[in-house]
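None of the figures in this text is laboratory data; all of them are computed from the coordinates on show. Computed from a predicted model, the values in this text were never measured in an experiment. In this analysis, Cβ positions are derived from the backbone assuming ideal geometry, glycine residues included, and neighbour counts consider all displayed protein chains.
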Amino acid sequence: MSFRGVVEARCPKGCEAFEAEVWSFIHGRNSPELRELAVAKECNLLLCPACGAPFFAEAPYIYFEPEAEILAFVFPESFQGQEPRWRRKMNEDFAALKRVLGEKMPFDMEPEVFFGPEGLSELLSGEDFRSEEREVMECVAKELGLSLFHVSPRFARLHVVPSTLPYSPAQNEGVTRQNLIAGLEKLLAANDRLEAYQACLASLRSGADQGLPPARRETRRAATSARA
C-alpha cells in the first residue's frame, strides 16, 4: 500500500502558498502507476494554481520495492546542502520502518539515498532494461530444460550480474559453480546475443570468484524451510 499526506506548497515564483497532497511512501509493486511516475521523474510534481508553474514539493518520500530489494529515501534536491542531517533522519526513519513492516522488511536491506528525482529514475530504468534481457533468457532456458537460480537483486545490481541465472544440475543436485557454467554455455549456444550472460560466463570461467552469488531472500527462506 502507498500513502500520501498534505503539505503546504510554495511556488518558487512567490505565489500564495497552497495545500497539496504528496506521496510519502510508495510501494512500487502495488502501485505501478506511481512507479511509472518515479521513472518519469514526476513524483510529487505540482502545478501552482495561481501561475501554472510546475515545481517539486519540498517533501521527502520513501520508495519500496521488496521483490527487487529496493528501498530508497528520496529527498528534495534543495536538501543536499544539509546532507548529514538528512542522512541521520533517514537512519531514524529506517529504524521505525523496520519496526512497522516487520518480516516484510529484510533486515539486510540497506536504503539508497537520493537528492532529487534523477537517482531513483536511473535505478528503476536500469532494472527495467535488465528485466527485458532476463525475460528472453528465461524463455530460452525453459525451452532447453534448464533450472533457474534467483540471485539477490541488490547483489546483482552492485556487482553487475544478472539477477536470474540458468543452471544445468545433475539429478538431485543443487546449484553449483560448475552447473551454472554448464547452464550458461547451453543458453548462449542457443542465443549468443545475451550480453550480460556472456559477461557472467566469462567471469565464472576465469575463476575470479569461486563462490556463488547470494540467493534472493525468498529462495533462501525456501531452502531453509526445506532443510528444516
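Using a/c under 1.5 as the rounded threshold, could you call segment 105-145 rounded, prolate or oblate? The axes a ≥ b ≥ c are square roots of the C-alpha gyration tensor eigenvalues, and prolate needs a/b larger than b/c, oblate otherwise. Can you show the working numbers first?
Working: a/c = 6.96, a/b = 1.90, b/c = 3.66.
The shape class here is oblate.
When semi-axes √(5λ) of the Cα gyration tensor in Å is calculated for this entry, the matching label among (1) 38, 20, 14; (2) 31, 21, 16; (3) 41, 19, 15 is (3).
When a/c is below 1.5 the answer is rounded, else prolate if a/b is larger than b/c, else oblate, so apply that to segment 12-87 with a ≥ b ≥ c taken from the square roots of the Cα gyration tensor eigenvalues. Because a/c hits 1.5 or more and a/b fails to exceed b/c, segment 12-87 counts as oblate. Between Gln198, Gln82, Gln178, the Gaussian network model of the chain with springs among Cα atoms under 10 angstrom shows the greatest mean-square fluctuation at Gln82.
The length gained by stretching the chain between Arg87 and Glu110 to full extension, at 0.36 nm per residue less their Cα-Cα distance, is 7.0 nm. Relative to one another, the C-alpha centroids of segment 1-50 and segment 168-193 are positioned 46 Å apart.
Counting other Cβ atoms within 10 Å of each Cβ, which GluC sites (Glu not before Pro) in segment 147-212 have at most 15 and sit in a DSSP loop?
Passing sites in segment 147-212 are Glu173.
The GluC sites (Glu not before Pro) of segment 1-64 that DSSP puts in a loop, and whose beta carbon has at most 14 other beta carbons within 10 Å, are Glu16, Glu42. Kindly list the residues of segment 179-205 that lie in the label zone of Cys139, defined by a backbone N under 20 Å from the point 7 Å along the Cα-to-C-beta vector. Inside the label zone: 184-198. When the label point is put 7 Å from the Cα of Glu195 along its Cα-to-beta-carbon vector, which residues of segment 156-181 have a backbone N closer than 20 Å? Output list for this probe position: 156-166.
Remark: segment 64-69, residue by residue, has Karplus-estimated 3J(HN,Hα) of 10, 9, x, 4, 8, 6 Hz, where x stands for each Gly or Pro and the curve is 6.51 cos²θ - 1.76 cosθ + 1.60 at θ = phi - 60°. Between the listed residues Gln178, Thr164, Cys200, the Cα displaced farthest toward the positive end of the dipole of segment 118-214, a dipole computed from Cβ unit charges relative to the Cα centre, is found at Gln178. Backbone amide hydrogens, once placed in the peptide plane, bring Cys15 within less than 5 Å of nothing, excluding anything fewer than 5 places away on its chain.
Could you work out the longest stretch of the chain that avoids the trypsin sites (Lys or Arg not before Pro) located in DSSP loops with at most 13 other Cβ atoms within 10 Å? Spell out each step's value before the answer.
Details: sites that count: Lys13, Arg29, Arg193.
Answer from the scan: 30-192.
Amide H contacts of Ala9: Phe18, Glu19, Ala20, each under 5 Å away and 5 or more positions distant or on a separate chain (H built 1.01 Å from N in the peptide plane; Pro and chain starts excluded).
Remark: relative contact order (the chain) = 13 percent; criterion is Cα-Cα distance under 8 angstrom and separation of 6 or more residues. Label-to-label distance for Phe18 and Ala40 is 2.0 nm, based on points extended 7 Å past Cα in the beta-carbon direction.
Here each label is just a point 7 Å from Cα along the line to Cβ, and for Asn172 and Leu212 those points are 1.7 nm apart.
Could you tell me which of rounded, prolate or oblate describes segment 138-218, using a ≥ b ≥ c as the square roots of the eigenvalues of the alpha-carbon gyration tensor, with rounded for a/c under 1.5 and, failing that, prolate when a/b is larger than b/c and oblate otherwise? It comes out rounded by the Cα gyration axes.
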